[in-house]
Each structure stands twice: as C-alpha cells, then as structure tokens.
Amino acid sequence: MIEKDDTFNPPEEMMKEGKFERVEKTIEVWYEGIMVAGSNIMLKWELAENMVRPKSASQHAMPNYVACAPRMYKGNIESLVRRMIPFADQIQISHLKLQQVVAKMVPDGVFIDADGLSEVDLGTGQAYNPEDALRLYFQTGSVIGRSYTQDGEFNNARVPIQQLNTSSGQSKMAALIGNYNHYLGMIRAVTGLNEARDGSTPDPNALVGVQKLAALNSNTATRHILEGSLYISRTLAEGLSLRIADLLEYADFKEEFANQIGKYNVKRIEDIKDLYLYDFGIFIEVAPDEEEKAMLEQNVQMALSKNDISLEDAIDIREVRNLKMANQLLKLKRKRKQDADREAAAMQQQMTAQTQFQSQKMASDAAMQKIQLQGEMKMREKQAEVAFEIERLKNEAALKQQLMTYEFQLNMQLKGVEESAINTRETQREEAKSERISQQNTEQSKLIQQRQEKLPPVNFESKEDSLDGFDLAEFEPR
C-alpha cells in the first residue's frame, strides 16, 4: 500500500486491469484554533491533539467541548432567551417608570384655615396658633373649631384643618404594575412556565386535573431543555471515562494521578480501562415527580397491606431515588417475600407432617407398646396358668403317685394276702393231697393186704368233717 493524499486519482487503465485499487477510509477528527472575539481573525487553526476516541469505534472522535442546540433551524438557534428579550426589556422599562412615579409622588398633606384658628379660644389665655393645631391633629386626630364667629355670624371656616389627598400617582402605579404583569405573562407564554408549574398564583377555582394538565403542558414546552442537559451530562460522563482510560495508558503524570486518588482506585481503574463505553452503563434518569412518588408509595402500601413485602423492604424501597430501580426493587422484594413465604409454608407443612408423623408414630408405638404389654400380660397370665396347671399337674401327679403308691402298697398287701392265702391253700392242698395220697396209699395197702389176706371189707369214711383242711363247721350258723 502506498499512502497518498485525497487528491490522488489512479489511472483508469490500471483500475480496469485490476492491478491497482484505491482504498480510502474516513476518520473523524477535530480541529482547534484561536479566534479574536468580535472579528474574523484566526490566530491559530490546526488538527487537535489527544482526541478522545472510544475503544469500539476508532473512526469516531468526541469533542473537547459539549454543546447542545435542540431547536436549531437552518443554522439559527431558536432559543427561549431570544424570545424573552423583548418582553424582558418592556418589564425593565415598566420597572424604571414605576420607580420614577414613586420618586415623584407627593405625600398627603393638610390644609389649615388661619381665620378658623383665630376664632378658637382654648381657655388658657393663649392664642390657638397653627403649630398647636397641627400637634393636636397628628397626636390625637382631633380638630377644634367654631361654628359661629364671635360676632354671632356663621363661621365658614369652622373646620380649620382639612386633609389633602394627592392620589395622582396611584393610577399611574396601577397602570405600570398591570403593564409589568402583562409582559410577565407574555414571558410565561413564550417559555411555557405557567402558574400551575411554578405555583406562584394558581387559580383557586381551577380543578386539580386542569392544574395537572397545565403543569404537563409546561413540562412538554421545556422538555428540550431537560433533554439537552441530560445529553450534556451523559456525554461529559462518557468523555471523562474515556479520558481516564487514556490517562492511565498514555499520560506522563500517571504517578502523580495515583498519588491524588490512591493506588487502590488506580488499580480499579486499570481493571476497567479496556472495557467498551457501553460496558460502563452510563445512563441518566430524570428524578421522579410527586405524582410518580405518590404512585410508588401507593404500590408500597398495597404490597404492605397484602403482606407481599415487609416493613424493612418498604424502607429500602423508599430510600431508592431512581423510580425505575425502586419499582424493580419492589418486584424483586415481592418475589423474594413470596418465595420465602412459600418456603416457610412448605417448611411449616413439612414440620406439620413430621409432627403428625411423630404423633402417629408415637401413637403407633404406644399402641404397639400397649399390644406388647397386653401380650406380655396375656403371656404372663398364660405362663401363670401354665405354671399353675403344671403345679396342679405336679400336685395331681404327686397325689396320683401317692395314691398309686398307696394303691400299689394296698395291692401289694392284697397280693401278699392273696399269695399268702394261695400259698396257705396250696400248702393245705398239698398237705391234704399228701394226706390223701398217704391215706390212699394206706388204703391201697390195706386193700392189697385185704386181698392178700382176704380180710373183710374196710370202711374208709373220714372221721373228720373237713375238706382239704377246711373245716365245714365254720359255715354253720352261730
């Protein structure tokens, strides 16, 4: 690339061939100079140095001076001051004329009739002169006179002192004051600052809505002044922020600046020097009027009545001067209060559910303990019954054992008796058998002997009434 001035025009042949191209860039710059006031003489005119440029737009430069002309048409500024000058001049003339009238005004005086004073006798022997009459008039307001003269004729000068009213300046002053008020009203008309806005002499019969409309119209008429002042303040703040960033990067007295504002503030500024202009968030809001403040207070009172915010939140909201931020803070506080109430309600429900669960658990534990106690009591009763039954069975078994032992003993005794009887009987039988055998053998022997010896028959009838050792005489009645 070859740097050329703006008058350089490349040949068309090279432009057509495409081997050569002209590239240009427009950069906004500012010029500064010195001009003799009241003339067309320029002492210096040169390119400005240290121009303020935002980081995001290198072709844009901010001026060293901030000016605002909201009402400019074809190079002419239609200002309120120019509109006010003719009427302000007339007001000044009326004021000067009013001072002249006041300076030339003659105070009220009195007329003294000397002939009327000469006919008055005070009874002190002294003459009633004008000095005494004036002293008496100004001290007491009383006047002494005579209706008839000493000759008995009617006295035409019976009121010797009369007040003179010189009211020639009153009408002039009223006319000048009316003229003064007229031009003051014209100034209000051309500026838009009416009585409803400044509250000087509002109409007592005007309704509140009409006064608000008049104040609104006045605000609309002077809105360009407010917008111009806001523009100047905002542009000045932007220029200062860029100047501070450039100062930390390019200035030679950085150390001196750090000594003035402190190293911690310089460190904070160095952290934000590379930010774009929009990142600073430079915004200017108009302070709210009384109606907007009343609306905000109404919203706060409504939120308090519905328990959407607390008293501490209302105090914080009232301390915020920015109306938009106050409304946003009101919504934020209201949302946080609702979330806190919702969490508190959920926690309360959880605590209630936990309490109910604990109470149910305690009731179930109590019922379980009651059931366990009843079971234990039944178990104990059953154990007692079983123990009693066991004891009864044991006692019964012991009794049965005793009875069985006793029965066994009795049976053994009976068995012994029976065995004894059987033994006795068997013994007796054996003895009887032995005796019978012995007798049989004896008788057989006797029979053998009879056969052998051929003896007579032998009688073998028993000589005793007993059978097998049993005496039949025992069964006879006694």
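The values are calculated or read from the model by the stated rules, or taken from the named source; none is laboratory data. What you see is a predicted model; the values in this text were computed from it and never measured. FYI the Cβ positions are ideal-geometry reconstructions off the backbone, even for glycines, and counts take in every protein chain you see.
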Output for Cβ contacts, cut-off 6 Å, separation at least six or different chains, first residue in contact (Cβ under 8 Å) with a residue 12 or more places away in the chain and surrounded by 11 or more Cβ atoms within 10 Å (Cβ to Cβ) in the stretch 301-323, second in a helix (DSSP H, G or I) and of a type in the set (Lys, Arg), reads 303/334; 308/334; 308/337; 309/333; 309/334; 309/337; 313/333
Of the candidates 77, 93, the one satisfying the condition of being out of contact with any Asp or Glu (no Cβ under 7 Å at 6 or more places or on another chain), more than 30 Å from residue 244 (Cβ to Cβ), of a type in the set (Val, Ile, Thr) and modelled with pLDDT under 80 is 77
A careful count of residues in the stretch 123-180 that are modelled with pLDDT of 75 or more, among the hydroxyl-bearing types (Ser, Thr, Tyr) and surrounded by 15 or more Cβ atoms within 10 Å (Cβ to Cβ) gives 2
Worksheet item: Could we say that residue 94 is within 18 Å of residue 185 (Cβ to Cβ) and small (Gly, Ala, Ser) here?
Response: yes
Within the stretch 19-41, restricting to residues that are hydrophobic (A, V, I, L, M, F, W, C) and part of a strand (DSSP E or B), the one that is nearest to residue 62 (Cα to Cα) is 34
When the stretch 47-88 is checked residue by residue, the ones that are among the charged types (D, E, K, R), within 20 Å of residue 226 (Cα to Cα) and part of a loop (DSSP other than H, G, I, E, B) are 71, 78
Residue hits (the stretch 225-242; surrounded by 15 or more Cβ atoms within 10 Å (Cβ to Cβ) and at pLDDT below 80) are 225, 241, 242
Those residues of the stretch 96-116 which are modelled with pLDDT of 80 or more and exposed (fewer than 14 other Cβ atoms within 10 Å of the Cβ) amount to 96, 99, 100, 102, 103
Note on the stretch 2-37: residues aliphatic (A, V, I, L, M) and farther than 30 Å from residue 65 by Cβ are 2, 14, 15, 23
